[in-house]
Amino acid sequence: MERSYVMLKPGALQRRIVGEIISRFEKKGLTIQAMKMMSIPKETAEHHYGEHKDKPFFADLIGYITSGPVVAMIIAGEDAVRSVRAMCGATKVEEALPGTIRGDFAGATTKNVIHASDAPDTAEREIGIFFEEDEIIEYDAGNTHWVY
Ligand code: CMP
């Protein structure tokens, strides 16, 4: 089982679409191994998004992600990183196709409602930023042999 770090951004909570988004991952057959609502400290947000620190949108990105609570999750499954990214759709909203989460819900790239790890090693790094080991539950999801 591969793991992805997934984060529903403040707009997803404010717009009451958290359940709708999580439901898509459940229906796909992916497994939630950890989930919590949290307010991200500015320093943690800057660490998480460190690769973008020289980008012109960095200040807006940090401002947005710290503007309210997020829902942080670990989602597991076969090829989970690629699978979750495909369900999220393109980062730039003008490229996000209908049927994807961003294509259906996002109106601007800075407010693209969801973050998902872009590679398995990135996922492990991001999981380490947001979760302690005792917050993660690996369990037999029961449906696995019906999905894979
Ligand atoms: P996310 O998947 O969370 O990873 C980095 C974030 O930076 C991205 O989603 C967007 O919210 C934001 N981002 C990336 N590219 C741009 C851009 N060109 N303009 C504004 N925001 C961007």
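Summary table below
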| item | result |
| --- | --- |
| Region 57-73, residues that are open to solvent by less than 10 Å² (accessible area, probe 1.4 Å) and either within 9 Å of the ligand (Cβ to nearest atom) or basic (Lys, Arg) (or both) | Ile65 |
| Members of region 46-56 that are closer than 16 Å to Lys92 by Cβ and either surrounded by fewer than 12 Cβ atoms within 10 Å (Cβ to Cβ) or more than 9 Å from the ligand (Cβ to nearest atom) (or both) | Lys55, Pro56 |
| Criterion violated by Ser67 - all others in (1) closer than 18 Å to Ile136 by Cβ; (2) in contact with a Pro (Cβ under 6 Å, 6 or more places away or on another chain) satisfied | (1) |
| Region 91-147 - residue that is assigned to a helix (DSSP H, G or I) and among the basic types (Lys, Arg) and, of those, least open to solvent (accessible area, probe 1.4 Å) | Arg102 |
| Enumeration of residues in region 58-90 that are of a type in the set (S, T, N, Q), in contact with a Lys or Arg (Cβ under 8 Å, 6 or more places away or on another chain) and assigned to a loop (DSSP other than H, G, I, E, B) | Thr66 |
| Those residues of region 74-92 which are more than 14 Å from the ligand (Cβ to nearest atom) and β-branched (Val, Ile, Thr), in sequence order | Ile74, Ile75 |
| Close pairs (9 angstrom Cβ cut-off, 6 or more residues apart or separate chains): within 14 Å of Leu61 (Cα to Cα) in region 1-14, assigned to a helix (DSSP H, G or I) and aliphatic (A, V, I, L, M) anywhere | Met7/Ile65; Leu8/Val18; Leu8/Ile21; Leu8/Ile22; Lys9/Ile65; Pro10/Ile65 |
| Scope region 3-40; condition within 20 Å of Ile129 (Cβ to Cβ) and open to solvent by 60 Å² or more (accessible area, probe 1.4 Å); matching residues | Met35, Met37, Ser39 |
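The values are calculated or read from the model by the stated rules, or taken from the named source; none is laboratory data. Predicted model, so just to flag it, every value in this text is computed and none were measured. Here the Cβ is made from the backbone with ideal geometry for all residues, glycine too, and neighbour counts use every protein chain on show. Accessible surface areas use protein heavy atoms only, side chains included; no ligands, DNA or RNA. Shrake-Rupley method; radii C 1.70, N 1.55, O 1.52, S 1.80 Å.
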